[in-house]
């Protein structure tokens with residue numbers, strides 16, 4: 001009997017000069033991918049979860065130090081109870097299964113979003129994964145779970161207002177550098193490149209404040225079909241963009 005091992009991956013091209021250090025991804029299209037194959041939507045979500053590992057593993061090869069992925073939004077609770085329950089089970093399984101591999105690869109994992117509505121077992125697994133990987137530095141993986149950009153800003157504003165009310169913050173000193181210190185992403189750099197799969201051209205309440213000057217790529221590929229090669233190509237394309245941040249190139 002012939003044993004079939006994991007396919008050998010071809011090396012990716014060297015990182016482009018000026019490539020993105022922080023890439024954020026809206027992983028869209030799992031449900032449509034499954035429907036096209038006559039399978040339930042959760043089948044697509046399980047297939048999409050496998051893509052996360054491939055992209056995380058590709059990050060060092062393409063020069064990406066920070067990867068932020070949109071796993072579950074504050075609006076996703078509107079989906080059917082079956083799909084939501086299946087997603088929560090998938091998250092628990094993913095964390096349990098991937099913890100060792102992520103840690104062995106030197107990946108530091110953080111979660112952003114409001115954890116209040118998540119179940120206790122999932123929160124425990126999230127906390128443990130963050131603690132186990134807290135000293136890693138090869139790739140900083142941030143998973144947005146029960147996350148919404150407007151919800152994040154509202155929560156940050158509430159904390160800021162509490163500091164003002166308690167005399168810890170002078171309202172006259174508040175500027176555009178103040179609010180980011182209260183956001184879930186306060187320890188992260190802003191994303192350089194935001195990728196959305198599945199052909200939809202909208203940002204869906206993802207990293208609203210942080211992405212003010214990010215470059216965007218809206219691609220037709222459904223997330224379960226997204227490859228490390230396409231990821232590498234998009235990062236290389238970013239390196240050729242003229243980024244002026246409102247100024248004029250001299």
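Since every read-out is calculated from the coordinates, none of them should be taken as a lab result. Nothing here was measured: the structure is a model prediction, and the numbers come from that model. A quick note on method: Cβ atoms are made from the backbone with ideal geometry, for glycine too, and the neighbour counts reach across all protein chains shown.
Structure notes:
- Per-residue Cβ neighbour rank within 10 angstrom, fewest leading, 209, 77, 223, 33: 77, 209, 33, 223
- Going by neighbour counts of Cβ atoms within 10 Å, the residues 72, 218 line up, fewest first, as 218, 72.
- Largest GNM mean-square fluctuation across 157, 137, 178, computed for the chain with C-alpha springs under 10 Å, falls on 178.
- Were the residues from residue 65 through residue 85 laid out at 0.36 nm apart, the gain over their Cα-Cα distance would be 4.0 nm.
- The alpha-carbon atoms of segment 6-125, seen along their principal axes, cover 45, 35, 28 angstrom, with the largest extent given first.
- Per-residue Cβ neighbour counts within 10 Å put 61, 170 in the sequence 170, 61, beginning with the fewest.
- FRET efficiency for the pair residue 36 and residue 115, taken as 1/(1 + (r/R0)^6) with r the Cβ-Cβ distance and R0 = 45 Å, rounds to 0.85.
- At R0 = 22 Å, FRET efficiency that the Cβ-Cβ distance of residue 138 and residue 21 yields, to 0.05: 0.95
- Dividing the helix sum by the residues of the chain, where each DSSP H run of 4 or more adds -39500 (n - 2.57), gives a mean residue ellipticity at 222 nm of -12500 deg cm²/dmol.
- Note on Cα extents along the principal axes in Å: of the candidates (i) 60, 35, 28; (ii) 73, 52, 36; (iii) 56, 43, 29, the value calculated from this structure sits at (ii).
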